[in-house]
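Here's the structure, in C-alpha cells; my notes come after.
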Amino acid sequence: MSLVVKSLSAMQYFFSKFSAVIVGFWALCLMFQLPGEHSFLFWRHQITLLTGALALGYMAVCMLLAVRPGFLENFFQGLDRMYVQHKRFGIGALVAVILHWLAIKSVKVVFAFEWFARPERRGQRSSIEGINWHAVGNQLGEISMYLLIALVLVSLLQVINYKRFRWLHKISGVVFIIGAIHALLLMDQTFASIPLDAMLIVFTIIGSVCALISMSGRIGRSRQQPGQVSAIQSYGDTLKVTITPKTQSSKSPKAGQFYFVKFEDGEAAHPFTLSNFIQAKNEYEFSIKALGDYTAGLVKNLSVGAAVQIEGPYGRFQAPNEERQIWMGVGIGIAPFIAWLEANYRNEREMQKLKHSQIDLYYCPGTRDQAYFLERIEFLTKAFNNIQVHVLYSAQGQRVDAALLKKELAGEQYSLSYCGPNQRLKQLSKGLKENRILPEAIYSENFNLR
C-alpha cells in the first residue's frame with residue numbers, strides 16, 4: 001500500500017502553525033492581565049493555562065484525525081500524512097500534559113525551598129451543591145494524564161499486537177472526554193480570558209463529537225461495503241484475492257489506492273493496496289503476501305466464499321506526470337504499479353497520458369520463484385513502448401542503488417515512485433543525496449498504523 005508523499009510539503013509545518021495559533025490566543029489574553037510587579041504564582045498560573053490549552057488542542061486534533069474525514073484527507077493529500085500528523089500531535093499532547101503537571105506541582109518545590117514567600121490562604125474554594133468542583137477537576141486531570149501517558153507509550157513502543165492496540169486505542173475517546181471536563185471545570189473564568197476559554201470550548205466540542213464517533217465504532221462506516229471472497233489465486237506465500245461486494249459503490253477507486261479489508265476472522269481491518277478494479281463485474285483484486293502472523297494466517301486459511309468487508313478507497317498514490325520517471329516496487333510493493341498499468345491498459349485516454357513519459361520500472365522480488373507478477377507485468381507493458389522493465393532479485397544481492405540510477409539516468413531530471421520497506425527508501429535517498437542525483441520529487445508511502 002502506498003500513498004503520495006512529496007519531499008517537501010507545507011503540511012510538515014501544520015503542527016507548528018497550530019501551536020502558534022494557541023500561543024497567540026494565550027498571549028492575547030495575557031496582554032490584558034500582566035501584573036504590576038513580578039509574581040511567581042501569576043506566571044505559574046499562565047504557564048498552566050498555556051500547557052493545558054496546548055494539551056487539549058493536540059488531543060482534539062488527534063481525535064479529529066482518527067475519524068478519517070474526507071476533507072482532511074484532501075487537505076493533507078493522503079491518509080498516510082494524516083497518520084503522521086496523528087502521531088506527532090499524540091506525542092505533543094503527551095509532552096504538553098507532562099509540562100502542565102510539572103507547572104502545577106512546581107509550587108510545592110518553590111515554597112519548600114523558600115524561593116518565594118508563601119501567600120496567605122484565601123480560605124476554602126467555593127462549592128456547588130456541596131461538591132468542590134475544583135477538586136473534582138484536578139482529580140479528573142490527573143486520571144486523564146496517567147491514561148494518556150500509558151496510551152502514547154504503548155503506541156510508540158508497540159508492546160502489544162495490532163488487534164489489541166486497535167481495541168486499546170478506543171480508550172483515547174474516554175481520555176479526551178475526561179481531559180475536556182477537567183479543562184472546562186478549571187477554565188480561567190475572567191473577562192480577559194474569554195478568547196482562550198472560547199477556543200477551549202471549540203476544542204471540547206470537536207474532540208467530544210469525534211470521541212463519540214470513535215467509541216461507537218462508526219469510523220469509516222459510510223465507506224464500508226460488505227461482500228465475499230469470490231476467487232483466490234495462490235502463488236506460494238502470496239495470494240491474489242478477488243472480492244465482490246454485495247452492492248456497487250458510488251465512488252470508484254483510482255489506481256494505486258487502498259482499502260481497509262476486514263475478513264470474518266475476529267481480527268481488525270488491515271490496509272491492502274488494490275491491484276485491480278474490474279468495474280463491469282464489481283470485482284476488487286488485492287495481492288496479499290505473508291509478511292507477518294496475520295497475513296501468514298490469511299495466506300494459509302482464507303477460502304472462497306468467506307465473508308468480508310472493505311472500507312475505502314483511501315490514498316493519493318497515482319502515476320505522476322514527470323517526463324522521466326523511475327518506478328520501484330519491492331516485493332509486494334509492486335501492487336500499486338500493477339494497478340497503474342491495469343488502469344492505463346484498459347483506458348486509451350489514460351494510456352496516451354502515460355505514453356508522454358519515459359519510465360523505468362524496477363521490480364524487486366526476493367528470488368526468481370517469488371517474481372509472481374512478472375508475467376502480468378510483461379503482458380501489460382507490451383502496450384507501452386516507453387516503459388522498460390528491470391527485475392532485480394535481492395537474494396542474489398541485486399538492488400536499485402544510487403550507482404545504478406546514476407548510470408541509467410545520465411544526468412536527466414526525474415521523479416521516483418517507490419513502494420516497499422521504508423528503510424530501503426531511506427538508504428536509497430541517502431545514496432542519491434551523496435551522489436547529487438536527487439529526484440525532482442519522491443512519491444512514496446509513509447504509512448504506519450501506530
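The values are calculated or read from the model by the stated rules, or taken from the named source; none is laboratory data. All figures in this text were calculated on a predicted structure; none of them were measured in a lab. Virtual Cβ from ideal backbone geometry, glycine too; neighbours counted across all protein chains shown.
Just a few scattered comments:
- Within the set 65, 79, the sole residue that is at pLDDT 90 or above, surrounded by 15 or more Cβ atoms within 10 Å (Cβ to Cβ) and either in contact with an Asp or Glu (Cβ under 8 Å, 6 or more places away or on another chain) or assigned by TED's automatic domain parsing to the domain that holds residue 166 (or both) turns out to be 65.
Every residue, every condition in (1) within 26 Å of residue 241 (Cβ to Cβ); (2) modelled with pLDDT under 90; (3) outside the structural domain of residue 357 (by TED's automatic domain parsing), yes or no:
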| residue | (1), (2), (3) |
| --- | --- |
| 383 | yes, yes, no |
| 399 | no, no, no |
| 408 | no, yes, no |
| 412 | no, yes, no |
| 415 | no, no, no |
| 421 | yes, yes, no |
| 427 | no, no, no |
| 432 | no, no, no |
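- Test: residue in the stretch 344-353 that is farther than 30 Å from residue 65 by Cα, touching a residue at least 60 places away in the same chain (Cβ under 8 Å) and in a helix (DSSP H, G or I): yes
One line per residue, one yes/no per condition, for (1) in contact (Cβ under 8 Å) with a residue 60 or more places away in the chain; (2) assigned to a helix (DSSP H, G or I); (3) touching a Pro at 6+ places or on another chain (Cβ under 7 Å):
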site	(1), (2), (3)
192	yes, yes, no
196	yes, yes, no
204	yes, yes, no
219	yes, no, no
228	yes, no, no
242	no, no, no
256	yes, no, yes
260	no, no, yes
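- Test: residue in the stretch 313-325 that is touching a strand residue (DSSP E or B) at 6+ places or on another chain (Cβ under 9 Å), surrounded by fewer than 23 Cβ atoms within 10 Å (Cβ to Cβ) and among the hydrophobic types (A, V, I, L, M, F, W, C): no
- Only one entry of 366, 329 meets the criterion of being of a type outside the set (Phe, Trp, Tyr) and in contact (Cβ under 8 Å) with a residue 40 or more places away in the chain, and that entry is 329.
- Checking each residue in the stretch 60-86 for being among the hydrophobic types (A, V, I, L, M, F, W, C) and within 9 Å of the chain's Cα centre (by Cα) picks out 65, 66, 79, 82, 84.
- Taken over the stretch 354-376, the residue count meeting the criterion of being assigned to a helix (DSSP H, G or I), modelled with pLDDT of 90 or more and either in the same structural domain as residue 254 (by TED's automatic domain parsing) or out of contact with any Gly (no Cβ under 9 Å at 6 or more places or on another chain) (or both) is 4.
- Residue list for the stretch 383-415, restricted to those being among the hydrophobic types (A, V, I, L, M, F, W, C) and touching a Phe, Trp or Tyr at 6+ places or on another chain (Cβ under 7 Å): 383, 389, 391, 392, 400
- The set of residues in the stretch 318-343 being part of a loop (DSSP other than H, G, I, E, B) and of a type in the set (A, V, I, L, M) consists of 319 alone.
- Evaluation of residue 290 against (1) of a type in the set (Gly, Ala, Ser); (2) crowded, with 20+ Cβ neighbours inside 10 Å; (3) closer than 22 Å to residue 392 by Cα (one fails), failing number: (2)
- Within the stretch 375-391, the set of residues being of a type in the set (Phe, Trp, Tyr) and over 18 Å from residue 322 (Cβ atoms) comprises just one member, 379.
- Looking across the stretch 311-330, the residues that are aromatic (Phe, Trp, Tyr) and within 21 Å of the chain's Cα centre (by Cα) come down to 314, 317.
- Selection of first residues in the stretch 130-154 that are assigned to a helix (DSSP H, G or I) and of second residues that are surrounded by 15 or more Cβ atoms within 10 Å (Cβ to Cβ) and polar (S, T, N, Q), restricted to Cβ pairs under 8 Å at least 6 apart or on distinct chains, gives the following pairs, ordered by first then second residue: 151/172.
- Test: residue in the stretch 360-369 that is surrounded by fewer than 18 Cβ atoms within 10 Å (Cβ to Cβ) and aromatic (Phe, Trp, Tyr): no
- Which listed residue is in contact with a helix residue (DSSP H, G or I) (Cβ under 8 Å, 6 or more places away or on another chain), of a type in the set (S, T, N, Q) and exposed (fewer than 14 other Cβ atoms within 10 Å of the Cβ), from 435, 422, 385: 435
- The stretch 1-35 - residue that is under 18 Å from residue 190 (Cα atoms) and either of a type in the set (Asp, Glu) or outside any helix (DSSP H, G or I) (or both) and, of those, modelled with the highest pLDDT: 32
- Among the candidates 295, 244, the residue that is of a type in the set (Val, Ile, Thr) and modelled with pLDDT under 90 is uniquely 295.
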